[in-house]
Amino acid sequence: MFDIISKLLQVQERDQRLRNLQKDLKDIPMLQARAKDQLAGDQAACDAAQAKVREVEVKIKNVELDIQTRQNTIKRLHDQQFETRKNDEFQALGNEVIRYQNEVRGLEDQEIEHMEALEAAKAVLQEAQGKLAVTQGHVNDELKQLDERAANLQTRITELKADRAAIVQPLAPDSLNLYDRLMKSKGNSAIVPVDAGVCGGCHMKLVSATINALKANDAIVHCEQCGRILYFD
Ligand SMILES: [Zn+2]
């Protein structure tokens, strides 16, 4: 094989590997974001459960305040009863006391219901927190693996670039520029094999003049269709 072609093929092999590694590296932030997204659902469930606990706690607090207010009133009515000497007033105050006591009992029943609701809400919260912790563990593992993968890719890219630099070092700048331009414009490959008279890049049938030039094996030959550099495999 024409010597420059075999050298450029080595460069191309490094470039193709480099491109794959760089693509993998570029995907890492997206994969990290996707891993973190897994937390969103569990975090939302936790937040909702926490909000429910607070809501019930506020209800309990309000009922307790209502009970306290009525108990203060009952105490005041008892004091008034103690001070009065009028029988009908004593009786009226006694009826008021009974009315407030009934209200207190109703409020105490409400408080018990709220307490039960609080227990249930706390259980839901605990479960949601447990689930979040498990997911967080998985996500942390995944993020750690992605970090390791990124570092590994970076190392391989650095090594491959050094390898490439060593290969291109003795090459004539003209040939290298030609290769670089083709690689840039074609994207996937600048040098392609000829198989059964067909260009390995664009898959068009080559004219016999091109095949003959290639057989002479003394110059760089391009596909007349796509311009890629040709070689016999
Ligand atoms: Zn071609």
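The values are calculated or read from the model by the stated rules, or taken from the named source; none is laboratory data. Predicted, not measured: the structure shown is a model, and the values here were computed from it. Positions of Cβ are backbone-derived with ideal geometry, glycine not excepted, and every protein chain shown enters the neighbour counts.
Please go through region 176-214 and give me each residue that is touching a strand residue (DSSP E or B) at 6+ places or on another chain (Cβ under 8 Å), under 21 Å from K7 (Cα atoms) and among the charged types (D, E, K, R), ordered by number.
Of everything in region 176-214, nothing turns out to be touching a strand residue (DSSP E or B) at 6+ places or on another chain (Cβ under 8 Å), under 21 Å from K7 (Cα atoms) and among the charged types (D, E, K, R).
I need the full set of residues from region 175-210 which are in contact with a Leu (Cβ under 9 Å, 6 or more places away or on another chain), hydrophobic (A, V, I, L, M, F, W, C) and within 14 Å of the ligand (Cβ to nearest atom), in order please.
A190, I191, V192, V194, V198, C199, L206 - these are the residues of region 175-210 that are in contact with a Leu (Cβ under 9 Å, 6 or more places away or on another chain), hydrophobic (A, V, I, L, M, F, W, C) and within 14 Å of the ligand (Cβ to nearest atom).
Looking at region 84-105, is at least one residue in contact with a helix residue (DSSP H, G or I) (Cβ under 7 Å, 6 or more places away or on another chain) and modelled with pLDDT under 95? Walk me through it before giving the result.
Here is the first cut: in region 84-105, the residues in contact with a helix residue (DSSP H, G or I) (Cβ under 7 Å, 6 or more places away or on another chain) are 84, 90, 93-94, 96-97, 100-101, 103-104.
If we keep only those that are modelled with pLDDT under 95 too, we end up with 84.
The answer is yes, given that some residue of region 84-105 is in contact with a helix residue (DSSP H, G or I) (Cβ under 7 Å, 6 or more places away or on another chain) and modelled with pLDDT under 95.
Name the single residue, out of those in region 66-107 being in contact with a Leu (Cβ under 9 Å, 6 or more places away or on another chain) and in contact (Cβ under 8 Å) with a residue 40 or more places away in the chain, that is surrounded by the fewest Cβ atoms within 10 Å (Cβ to Cβ).
Of the residues in region 66-107, the ones in contact with a Leu (Cβ under 9 Å, 6 or more places away or on another chain) are 66-67, 70, 77-78, 80-81, 84, 93-94, 96-97, 100.
After this cut, where a residue has to be in contact (Cβ under 8 Å) with a residue 40 or more places away in the chain as well, the list is 66-67.
Numbers: D66: 16, I67: 18.
Within region 66-107, the match that is surrounded by the fewest Cβ atoms within 10 Å (Cβ to Cβ) is D66.
Give just the number: which of (1) part of a loop (DSSP other than H, G, I, E, B); (2) under 30 Å from A48 (Cα atoms); (3) among the basic types (K, R) does K122 not satisfy?
Condition (1) is where K122 drops out.
Please work out which one of (1) under 30 Å from D27 (Cα atoms); (2) in contact (Cβ under 8 Å) with a residue 12 or more places away in the chain is the condition D147 fails and give its number.
(2)
Is at least one residue of region 138-149 in contact with a helix residue (DSSP H, G or I) (Cβ under 7 Å, 6 or more places away or on another chain), over 25 Å from Q38 (Cα atoms) and assigned to a helix (DSSP H, G or I)?
no
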